[in-house]
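Engineer: Pasting a structure below so you can have a look.
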Amino acid sequence: MNPTYLQVLEIIQELPVIDVHTHIGGEGIRQARTLADIVSYHWVNLELSRVGANVSGINVGKDPNEYMSAVLPFFNEIKNTSNHWCLMKILKDLYGFEERTLSVDNWKELDIKIREAAKDKNRVKNILEKAKISKITVPFRDGMPYDSDQFIPYEYGEYLFAPTMPLRLSELAKYNSGKTPESIDALAAFIEKRMKWLRENENVRVFHLWIRDSWEYCHCHKEEAANLYHRLLKGRNLSIEEDDRLVSYTADIVANVATQCDITLQIFHGMAFYNRHEPGSVSSYSNEKFLRSMPKYASVHTDTMIDIFLATRITGHEAASIARSCRNIILSGAWWHAFTPTTLSTFYRDRLEMLPHTAWNAFFSDGYIVEWIYGKLQLSLNRLAYTLSNLIDETFLQIEDIPEIAKNLLHDNALRIYKV
């Protein structure tokens, strides 16, 4: 194995890490209760289903053994995937499992060990400490795992940023005494009030914004926004172009308040459903208009921090060039379909070659339980070490550069960008 790689990996494995995006705590689950909780991570589940596992209708929480019975015959067929690599790192490093993969003959003892570990009230804390993760984002509505300043609360802010779907209109009403704001002025006042309440009462520092991937930011006058919002409340459908304009108006309001409240906006791009009626039917996707409108949005709100998460390498180079030109656009890690070794390496190489090492973050897990936060960090560290070591071997960097650069990419940049 490349000695430079091993040297770099040893350096970065000792550095503190900030995970700028997780979903830990959904349905009250923060750590694995059984082996099935780890194995059923949606990407592993998708791969197992692809090769024939039938898990339809199985409730993993209520029937973990039934789930395991359905998937165990198929692990050998996915042992080449990056998700399988992460899975085995989790099982080996956290639970001492040494087998090449899972099978009907070797899983029961491991499952017992995980069930025993789940009884430990300090399990989340201990795994984060092992991973050297000093801070992580968590959805505020799911609560903090324990009393600590380790957690950065965030809000699923789509209902404020893009309140043009019926579901989001109903969410507006949920937080507005059961009433949907009746005018554009009332909507603007509600957005501001809600964001300030979230900041002051729940210490929310981040907005999660997974919006329509074909959205294109543009300027929208108040009078036009008022007319579009009135039509929306009357139940009339807006065209794509009209929806773009109304969302742009509310997006401007959100950015203005985010600047006042030190809230960072996380904007996701690069994933689309090809069949919304079929669970798991998602693919990587790119829309040049969406990405190319981000500098326009950033230039209107120069003091608002915008962190872009990409799920496709297609737009990776262009995104890096945008971030090089816009001081308030940041790129972080890789999302969903982009979380593979080759794509991570491509992202890291482009960003290291094009951006100051103070201008982006190397990691976020998108993890739903703490074990997957750990597993996805291991792949990120592997690829970061690989990319940095190649740059050293090619004489673009020196080994003495690594501690400073890697600490910024894994920790210090996030500390500053997210104003922790």
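Read the figures in this text as sums done on the coordinates, not as results from a lab. A quick note: this is a predicted structure, and the numbers were derived from the prediction, not measured. Cβ sites come from the backbone with ideal geometry, for glycine too, and all protein chains shown count toward neighbours.
Engineer: Which is the longest part of the chain that has none of the trypsin sites (Lys or Arg not before Pro) sitting in a DSSP loop with at most 16 other Cβ atoms within 10 Å? List each step's numbers first, then the result.
Structural biologist: Values: sites that count: K62, K79, R100, K119, K121, K132, K179, K234, R236, R276, R327, K419.
It works out to 328-418.
Engineer: Let me ask something else about it. Can you list which of the chymotrypsin sites (Phe, Trp or Tyr not before Pro) found in the range 257-332 are DSSP loop residues with at most 14 other C-beta atoms within 10 Å?
Structural biologist: On the way: sites: F268, F273, Y274, Y285, F290, Y297, F309; in loops: Y274, Y285.
Those satisfying the criteria are Y274.
Engineer: Something else about it: For the range 33-117, what relative contact order do you get, as a whole percent, if you take Cα pairs closer than 8 Å and at least 6 residues apart?
Structural biologist: Contact order relative to length: 35 percent.
Engineer: Once you order the gyration tensor axes a ≥ b ≥ c over the Cα atoms, which shape class does the range 9-89 get: rounded for a/c under 1.5, otherwise prolate or oblate by comparing a/b with b/c?
Structural biologist: Working: a/c = 2.58, a/b = 1.44, b/c = 1.79.
In terms of gyration-tensor shape, oblate.
Engineer: So if R0 is 45 Å, what FRET efficiency would V55 and T395 give, r being the distance between their Cβ atoms, rounded to the nearest 0.05?
Structural biologist: Working: r = 50 Å, r/R0 = 1.11.
The value I calculate is 0.35.
Engineer: How about the range 29-115: which GluC sites (Glu not before Pro) there lie in a loop by DSSP and see at most 14 other Cβ atoms within 10 Å?
Structural biologist: Numbers: sites: E47, E66, E77, E98, E99, E109; in loops: E98, E99.
Filter output for the range 29-115: E98, E99.
Engineer: Now for a separate question. Can you give me the relative contact order of the chain as a percent, contacts being Cα pairs under 8 Å and 6 or more apart?
Structural biologist: Working: 675 pairs, mean separation 90.8, N = 420.
For the chain, the relative contact order is 22 percent.
Engineer: Which of the chymotrypsin sites (Phe, Trp or Tyr not before Pro) found in the range 102-183 are loop residues per DSSP with 15 or fewer other Cβ atoms within 10 Å of their Cβ?
Structural biologist: Details: sites: W107, F140, Y146, F151, Y154, Y156, Y159, F161, Y175; in loops: W107, Y146, Y175.
Filter output for the range 102-183: Y146, Y175.
Engineer: Separate question: Rg and Dmax of the range 368-420, Cα atoms, in Å?
Structural biologist: Computed over the Cα atoms of the range 368-420, radius of gyration and Dmax are 13.3, 40 Å.
Engineer: Among the listed pairs K92/K132; K121/K376; K62/K132; K135/K196, give every one whose C-alpha distance is greater than 25 Å.
Structural biologist: K62/K132
Engineer: Still on this structure, I have one more. Please give me the summed charge of the neighbours of I392: other residues whose Cβ is under 12 Å from its Cβ, Lys and Arg +1, Asp and Glu -1. Could you put the intermediate results ahead of the total?
Structural biologist: Values: positive: none; negative: D393, E394, E400, D401.
Spelling it out: positives minus negatives among the neighbours equals -4.
Engineer: Please list the non-local residues whose amide H lies under 5 Å from the amide H of V138, H modeled 1.01 Å from N, same-chain partners needing a gap of 5 or more.
Structural biologist: Excluding prolines and chain starts, which carry no amide H, the hits are I152, Y154.
Engineer: Find out how many positive minus negative residues lie around S332, taking Lys and Arg as positive, Asp and Glu as negative, among other residues whose Cβ is under 12 Å from that of S332. Display every interim value, and only then the final one.
Structural biologist: Details: positive: R351; negative: D19, D307, D366.
Around S332, the charge tally is -2.
Engineer: Using a cut-off of 15 Å between beta-carbons, work out the net charge of the residues near H301 (Lys and Arg +1, Asp and Glu -1, H301 not included). Mind dumping the intermediate values first?
Structural biologist: Details: positive: K296, R327; negative: E192, D252, D262, D303, D307.
Residues close to H301 contribute a combined charge of -3.
Engineer: OK, next. If you average 1/r over every pair of different alpha-carbon atoms in the chain and take one over that average, what Kirkwood value in Å do you get? Spell out each step's value before the answer.
Structural biologist: Details: mean 1/r = 0.0442 Å⁻¹.
Averaging 1/r across every pair of different Cα atoms and inverting gives 22.6 Å.
Engineer: What are the ³J(HN,Hα) values, in whole Hz, obtained from phi via the Karplus relation 6.51 cos²θ - 1.76 cosθ + 1.60 with θ = phi - 60°, for each residue of the range 261-269 in sequence order, with x given for Gly and Pro?
Structural biologist: My calculation for the range 261-269 gives 9, 6, 9, 8, 9, 9, 10, 9, 8 Hz in order.
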